[in-house]
Every structure is written in C-alpha cells, then in structure tokens.
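The values are calculated or read from the model by the stated rules, or taken from the named source; none is laboratory data. This structure is a prediction, so every number in the text was calculated from the model and none was measured. All Cβ positions, even for glycine, are placed from backbone atoms using ideal geometry, and neighbour counts span all protein chains on display.
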Amino acid sequence: MLNNIGNGRKEMMMILLLLVIFTGILLYKVLDVGSVTKYSNFRRKASNFISAANHLMTEETEYENAAYLYDLIENQYSEPIESPFDSSVLCDEFESKVFHVENSSYVTLKCGEYAISNQPTTDKNYKIYKVSDWTAEEPSSGNVESTILYNVTLDGKEQLDKYYNEREFLIKYYKKTGYKITSIYTLNPKHTLVEKTFYRTYKQVS
C-alpha cells in the first residue's frame with residue numbers, strides 16, 4: 001500500500017515537471033514570435049518614415065538633403081511615431097532622419113532602446129540594434145560608436161541644459177536666445193560653440 005502511494009507521488013511529480021517544461025517552451029515560443037512581429041513592425045515604420053521624408057524633401061527645398069522626424073511633424077507630413085516595442089515611447093524626433101550622401105540615401109529611426117541606424121533606404125531587411133544612452137565617458141567594453149554633440153557658452157558658462165546634435169541644437173539655441181540661425185557656426189558673436197564627443201554601446205538584435 002505504501003509503495004503504491006510512493007509510486008503515485010513520483011508519477012504526479014513527473015507530470016508536474018513535464019507541465020513546467022512544456023509551459024516554458026510554449027512561453028518562449030510566444031515571446032519569440034512577439035519579438036519577430038515587433039522587429040517587422042519597426043522595419044515597416046522605417047519604410048513609412050522614408051516615404052514621408054522623401055515627400056517633404058521633394059516639396060520643400062529647405063530639406064532637400066536631410067529631413068528629421070521633427071521636420072516631418074512640424075510640417076504635418078507625419079504624426080509622432082510610436083515605438084513598436086513600447087507604445088508609451090515615441091521615436092526620437094532629432095536622431096531619426098532620412099538623409100542623402102552623394103547619390104545614396106540613408107535612414108535612421110531611433111525609438112527608445114532600439115535603432116535602425118544609418119541604413120541605406122534601399123535595404124530590404126534593415127538591421128536593428130539595441131543601443132545605450134549617449135554618455136561623455138567612453139565604455140570600456142562592447143561595440144562602441146561615437147558622435148559629436150553641441151552646447152554653447154556665455155562667459156564660460158554653458159547655456160543649454162545638455163549637449164545636442166546639430167539639428168536639435170539649432171532649435172534649442174533659438175528657444176533659449178531668440179537668435180535664429182541656420183548653421184551652428186553662425187552663432188551670436190557673444191556665444192562660443194562647444195563640441196564634445198559622446199559614446200554609446202550597440203548590439204544587433206535582428
């Protein structure tokens with residue numbers, strides 16, 4: 001009798017263990033399929049962004065070489081773009097852009113931790129990266145990329161709350177000083193441009 005009870009417990013434990021393993025496998029597959037769908041949506045959003053940017057660049061000569069997501073939204077060629085990974089996160093208006101270099105065009109779409117970065121617009125399957133925030137300290141490990149960001153000083157004191165890329169700098173500078181410029185090198189004479197190198201890590205995820 002006791003032996004039968006013991007065998008029954010072992011069988012129950014085996015069944016429970018198999019259920020746990022099966023549930024784990026099923027959950028992994030569901031999450032994996034979800035990730036693939038989000039990556040596909042991200043690529044689709046990039047393609048739609050390119051189409052809208054090309055429309056703006058064709059219609060408005062001011063943007064014939066580069067159009068940022070900010071420019072599309074300001075000119076009503078696009079609504080803000082939600083991240084496919086988190087609908088509460090909007091894609092970066094100043095890092096996301098379509099731009100021309102010689103006879104080729106490229107796209108960057110940055111949404112939260114994820115980015116399609118400097119990819120030819122003709123690519124059929126954009127590479128997707130997970131990226132860290134920009135930091136003034138160079139990371140000691142991982143894949144590292146760098147960029148130049150800008151601030152401005154008056155009497156040696158920084159006037160903006162942080163460093164920005166060129167397009168965003170022009171917007172922030174105008175809002176801060178009321179001095180409208182089209183180039184970072186035509187500041188009000190009393191201001192001094194400050195350039196600083198920033199770094200971030202990146203890892204391809206799809």
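Between Ser87, Ser51, the distinction of being modelled with pLDDT under 95 and either closer than 23 Å to Tyr114 by Cα or not assigned by TED's automatic domain parsing to the domain that holds Thr37 (or both) belongs to Ser87 only. For the stretch 44-61, filtering for residues that are over 26 Å from Lys124 (Cβ atoms) and surrounded by 13 or more Cβ atoms within 10 Å (Cβ to Cβ) leaves 1.
Restricting Lys10, Lys38 to residues that are more than 22 Å from Val101 (Cβ to Cβ), assigned to a helix (DSSP H, G or I) and modelled with pLDDT of 65 or more narrows the list to Lys38.
Residue pairs whose Cβ atoms lie under 6 Å apart, sitting 6 or more positions apart in sequence or on different chains, and linking a residue in the stretch 111-125 that is on the phi > 0 side of the Ramachandran plot and among the small types (Gly, Ala, Ser) to a partner that is surrounded by 14 or more Cβ atoms within 10 Å (Cβ to Cβ) and not in a strand (DSSP E or B), are Gly112/Ser83; Gly112/Val89. Condition test on Phe94, is it surrounded by fewer than 20 Cβ atoms within 10 Å (Cβ to Cβ), in a strand (DSSP E or B) and among the aromatic types (Phe, Trp, Tyr)? Against the criterion (surrounded by fewer than 20 Cβ atoms within 10 Å (Cβ to Cβ), in a strand (DSSP E or B) and among the aromatic types (Phe, Trp, Tyr)), Phe94 does not qualify. Just so you know, in the stretch 157-175 the residues that are surrounded by 14 or more Cβ atoms within 10 Å (Cβ to Cβ) and over 21 Å from the mean Cα position of the chain (by Cα) include one that is farthest from Leu69 (Cα to Cα), and it is Gln159.
Restricting the first member to the stretch 137-154 and to residues that are free of Cβ contacts under 8 Å to residues at least 12 places away in the same chain and on the phi > 0 side of the Ramachandran plot, and the second to residues that are surrounded by 14 or more Cβ atoms within 10 Å (Cβ to Cβ) and of a type outside the set (Val, Ile, Thr), no beta-carbon pair is closer than 9 Å while six or more apart or on different chains. No other residue among Tyr185, Tyr179, Tyr174 is outside the structural domain of Asn118 (by TED's automatic domain parsing), within 20 Å of Phe198 (Cβ to Cβ) and aromatic (Phe, Trp, Tyr) apart from Tyr185.
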